[in-house]
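The values are calculated or read from the model by the stated rules, or taken from the named source; none is laboratory data. All figures in this text were calculated on a predicted structure; none of them were measured in a lab. Heads up, the Cβs are rebuilt from the backbone with ideal geometry, glycines too, and the neighbour counts pull from every protein chain shown. All accessible areas refer to the heavy atoms of the entire protein, side chains included, with ligands and DNA or RNA removed. Shrake-Rupley method; radii C 1.70, N 1.55, O 1.52, S 1.80 Å.
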Amino acid sequence: MIVDALSAGVGRRTSSRDSIGCGPRAVAGVLERNEVHCRIARVENLLSNPRQMKSFQHIAISAMTMDLPVVKTIARKWKKINSSGKLLIGGPVASNPATVLKDLKPDAMVLGEGEATLNELITAGFLEDQLEYSSIRGIAYLEKKSPRITPSRSFLTPEEMSSMFVPSVTRIVDYHAYQAARVYVETVRGCSNFGRTTIALPSGQECTECSNCDSADLEARMDCPEDIPPGCGFCSVPGTWGPPRSRSEDSIVNEVSELVEHGVHRIVLEAPDFLDYHRGQDRLTDPCDPPANTEAIHQLLLRLTALPEVAAGNVHLSIENMKACLFTEKVAAVLSESMQGVSPNIGLETGSDEHLRSIGKCGTSSDVLQAVRIAKAHNMAPFVYLIYGLPGETPDTVNESIRLMREVAQAGAERIILYGFRALPGSAFADFLEPHPKDPISAPLRKEAARINRARKDKYLDTIIRGVVAEPSMTHHGYSMVYPMSEGPLMTVRGGFSSGTVLNVKVTKVLSSGLVEGQVIEEH
Ligand code: SF4
C-alpha cells in the first residue's frame, strides 16, 4: 500500500484539497515496473478505516516534513496490524532521517530522489528480507538501533525520467473524486536559481561575496565556499533536486493522454518553474538567462491541446509556477495561443527589492509587476505569491509588500496567495523560527491580502462557471463542493451531486476570500 500523506499534517488536508501530486504515482510506477501489486490510499481515508491495511503485506508512506504527526499515527497502526510487513518512508519528510528512524523505526527510508533507489531496493530483495542495506545508495536505516545513512545517489538523467521511471496512470483511480481533482503531471524536476541568500544564518554561515553566485561560469555557481544551500532561502528545491531536468515531450503527452482516458478533467503541468522546460544547457544555473524555450513549450502545448478531450473543452490544462524574469510577451503569446484560462503563479515573496535580493530570489518586484501586466494583456488570471514572517522581514518590508500587492492587484492579478514562512529542511533558512500565525508585524499583510481577494470575488457575482463536483461540503450540510474546470473560485452548491459530475453554476454570493456560493443551472 502506498500512503499519500502529502500536506495532511495531523491527518486532514486543509488547503488544496483538490490536488493530486505526482509523488505517490511515481512510487506506484516503480512498483508496477517490478510487477509488485500496489494501491494508493489517501491518509484521511486510512485514518477513518485502518482495517484496509490488512489486505497488504507492505506499506510505503509518502509525506512532507509537516506531515510527521500523521505519519507517526499510520506507522503505529501499521505495526499493530502487520508486525512482519515492511514499512518504507519517503518524500520530503525523509530529509530529517535520524529523527524519523528513532521515532518510527521504519525498515528503510528513501532519501531525496526516490525512483532508482526504490527500484534497487526491490530488485535487491528488500521485500523478501534478503537485503544488504549498506549496499544501497540513497537510504537510511537502523543497524542495531543506530541510524545508518548511505551515500547519496546521482540524479536520474532526463532520459531515465522520461522512459525508465514513468509515474503510474492506472493508480489514479485509487483517488476518491480524481475526476474533479487537479492532477499534477511532472514536466521539469529541479530549479535553475543558483543564487543564494546573503542573510547570516543561525548556523553562523554567511556569504563572503566570492561572486560564484553571479559567475559567468555556470558550473561555478554550483559551489559555495560557505556551503549555503542554493536558491531562494526558504526553498529546498535546487539543493535537493539540482538544476532543472526536463522530461521528453513524448513521455508527458503519453501520461496526459492516458490520464484523460481514465476520466481526469483537470491536468496541471507541474514544475518548480515551467519556463525552465528544455531551457538552455544541461546543469542550467542561471534563473533568468537564456530566455524560455518557447519553441519547445509551443510544441508540447500544441500536442496536448490537440488531444480530443482537451480540444473539446472537457479537459482543462493549466500551468502554475513561472518566474517573472522569464515571463515575456513572447512566452505569454505562446501560452495564450494554445491554452484558455491560464493562471501563471508568479512568486514575489516580498515587495522590497533589497529584501528580495537578500533572500536569494532572482529578478525584481518590477519584473513581477511587468509579468502581471503581460499576463493580463493576454487574458490570463495571474496569481501572485508572497510569504509573511520571512527572515529579514521588517515593518518597512511589510509596507513595501502591501504597496506591491495593491499595484499587482491594480495591474490585474487574480489572487494574492500569502502563506507563512516554513523552515524547510534542506533550505538555507532551515534553522530560522517560523512565524506565529498571528504574528503582529505581518498582520497588515494578511489583512490586505484578504481584502484584495475578497474584492476580487465580487466580480464573479452573476457569472456562470463550469465546474466539477468533488465532495460533499464539510461545513454546509446538503451542499456539494465544486471546483472550477478552468480558473475561478471554489464553489459550494445546494444538492448532493456525485463526484466527477460536470455542472454550470451561477455565482450568487461571496462567502469568503476563497469561497463563493452558487446555483446549479445545468448538469452535463
Ligand atoms: S557562492 Fe556563497 S559565498 Fe559566494 S557569493 Fe554565493 S552565497 Fe556568497
Translational diffusion coefficient of the stretch 415-456 at 37 °C, 0.692 mPa s, Stokes-Einstein with Kirkwood Rh over Cα pairs, in µm²/s as a whole number.
280 µm²/s
So what's the net charge close to V43: Lys and Arg +1, Asp and Glu -1, counting the other residues with Cβ under 11 Å from its Cβ?
+1
For the stretch 314-358, what does the convex hull of the Cα positions come to per residue, in cubic angstrom?
80 Å³
Please give the length that would be gained between N379 and E295 if that part of the chain were fully extended, namely 0.36 nm times their separation in residues minus their C-alpha to C-alpha distance (nm, one decimal).
28.1 nm
Rg in Å to one decimal, and Dmax rounded to a whole Å, for the chain via C-alpha atoms
22.7, 66
For A455 and D431, extending 7 Å from Cα along the Cα-Cβ vector and measuring point to point gives, in nm, a value of 4.3 nm
Fraction of accessible area attributable to carbon and sulfur, the chain (%, probe 1.4 Å):
50 percent
Around G363, under 13 Å between beta carbons, what's the net of Lys plus Arg minus Asp minus Glu among the other residues?
-3
Report the convex hull volume per residue for the stretch 177-457, counting only C-alpha atoms, in Å³.
130 Å³
If packing is taken as the mean number of other Cβ atoms within 10 Å per residue, what is the order of 415-425, 285-295, highest first?
415-425, 285-295
Length gain on complete extension for the stretch S48 to D103, per 0.36 nm per residue less the alpha carbon to alpha carbon distance?
17.5 nm
So what J values fall out for the stretch 46-53 if you push phi through Karplus, 6.51 cos²θ - 1.76 cosθ + 1.60 with θ = phi - 60°, rounded to Hz, Gly and Pro as x?
5, 5, 7, 8, x, 4, 4, 5
Dividing the surface of the Cα convex hull of the stretch 196-241 by four yields a projected area in nm² of 3.2 nm²
For the chain, what is the calculated [θ] at 222 nm in deg cm²/dmol (nearest 500), taking -39500 (n - 2.57) for each run of four or more DSSP H residues and dividing by its residue count?
-8000 deg cm²/dmol
Of every Cα-Cα pair in the stretch 2-160, the percentage lying beyond 27 Å is 17 percent
Taking the square root of 5λ for each eigenvalue of the C-alpha gyration tensor of the stretch 461-523, the equivalent ellipsoid has semi-axes, largest first and in whole angstrom, of 15, 13, 10
Less than 12 Å Cβ to Cβ from R153, Lys/Arg counted +1 and Asp/Glu -1: what total charge do the surrounding residues give?
-3
Backbone HN-Hα couplings from phi across the stretch 390-397 [Karplus 6.51/-1.76/1.60, Hz, Gly and Pro as x]
5, x, x, 6, 9, x, 5, 5
Packing-ranked peptide list from 495-503, 342-350, 389-397, highest mean Cβ count within 10 angstrom first, is 342-350, 389-397, 495-503
So which cysteines in the chain don't have a second cysteine's C-beta under 4.7 Å from them?
C22, C38, C191, C207, C210, C213, C224, C362
Give the long-range amide H neighbours of L511: residues separated by 5 or more places, or on another chain, with amide H under 5 Å away, using H modelled in the peptide plane at 1.01 Å from N.
V516, E517
Computed from the beta carbon distance with a Förster radius of 41 Å, FRET efficiency for Y419 and K509 to the nearest 0.05 stands at 0.95
If one computes the Cα centroid of the stretch 371-439 and of the stretch 12-81, what distance in Å separates the two points?
32 Å
Mean projected area in nm² (Cα convex hull; one quarter of hull surface) for the stretch 102-193:
8.9 nm²
